[in-house]
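None of the figures in this text is laboratory data; all of them are computed from the coordinates on show. Keep in mind the model is a prediction, meaning the values are calculated, not measured. Quick reminder, even Gly has a Cβ in these numbers, built from the backbone with ideal geometry, and neighbours come from all protein chains shown.
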Amino acid sequence: MLKEKLKDYHIILASGSPRRQDFFKDLGIDFEVRLKPVKEEYPQRLRHFEISNYLAQLKSLPFENELHPNDILITSDTIVWHNEKALGKPRNKQEGFNMLRSLSGKSHEVITSVCFKTVSSEITVYDITKVKFKELTDDEIWYYLNNFNPIDKAGAYGIQEWIGQIGVTHIEGSYFNVMGLPIHLVYKTLNEIILK
């Protein structure tokens with residue numbers, strides 16, 4: 001459905017995440033994966049969705065001078081917001097353990113921002129999902145870290161993996177947003193861009 005509407009556009013997905021790439025395949029649209037390294041740092045004054053918005057936009061900057069008129073560049077960033085601070089990707093298993101221990105028995109927010117950039121415009125959207133974990137035991141956390149190694153995931157977990165299956169007791173909002181892409185918003189925004 002969307003593929004036909006986008007036939008005159010070239011979609012560039014700037015993400016190495018296999019999950020995000022699978023989402024785009026599931027949408028049935030043609031896209032190119034193009035990666036450029038970006039140092040994911042943000043001003044400390046930023047809070048909540050401001051952080052993921054900033055990082056999604058930051059990831060689009062290296063492509064600025066190479067976009068063609070029919071290109072739509074898509075970049076995104078996911079953070080876990082807990083206790084008034086952003087949890088990004090853990091640097092090692094111990095940091096991952098500390099993150100999961102802090103999330104145990106509590107609710108947190110997963111925020112994903114998506115930036116759509118063309119030659120003439122830039123739109124950034126974001127989605128927020130609330131997730132609650134049961135009380136996780138240290139053994140459960142270490143089992144997960146040792147068998148799934150979620151070092152590439154914000155908050156040190158993937159909801160679609162074992163820890164989500166045994167540990168998540170409540171979710172409010174988009175499940176796919178927690179996986180790393182609010183696909184309903186991507187679909188909606190792409191439709192809006194091509195109607196302009």
Matching entry among SER113, SER107, SER102 (being surrounded by 20 or more Cβ atoms within 10 Å (Cβ to Cβ), touching a strand residue (DSSP E or B) at 6+ places or on another chain (Cβ under 7 Å) and among the small types (Gly, Ala, Ser))
SER113
Of the numbered conditions (1) surrounded by fewer than 19 Cβ atoms within 10 Å (Cβ to Cβ); (2) in contact (Cβ under 8 Å) with a residue 24 or more places away in the chain; (3) not basic (Lys, Arg), ALA156 fails exactly one; give the number of that condition.
(1)
Mind counting the residues in region 149-196 that are in a helix (DSSP H, G or I) and not small (Gly, Ala, Ser)?
22
LYS85 - would you say it is over 30 Å from ARG34 (Cα atoms) and within 18 Å of the chain's Cα centre (by Cα)?
yes
How many residues does region 137-173 contain that are more than 16 Å from SER104 (Cα to Cα) and more than 20 Å from the chain's Cα centre (by Cα)?
2
Out of PHE176, PHE133, PHE97, report the one residue that is without any contact (Cβ under 8 Å) to a residue 40 or more places away in the chain, within 21 Å of the chain's Cα centre (by Cα) and either under 28 Å from LEU2 (Cβ atoms) or surrounded by 15 or more Cβ atoms within 10 Å (Cβ to Cβ) (or both).
PHE133
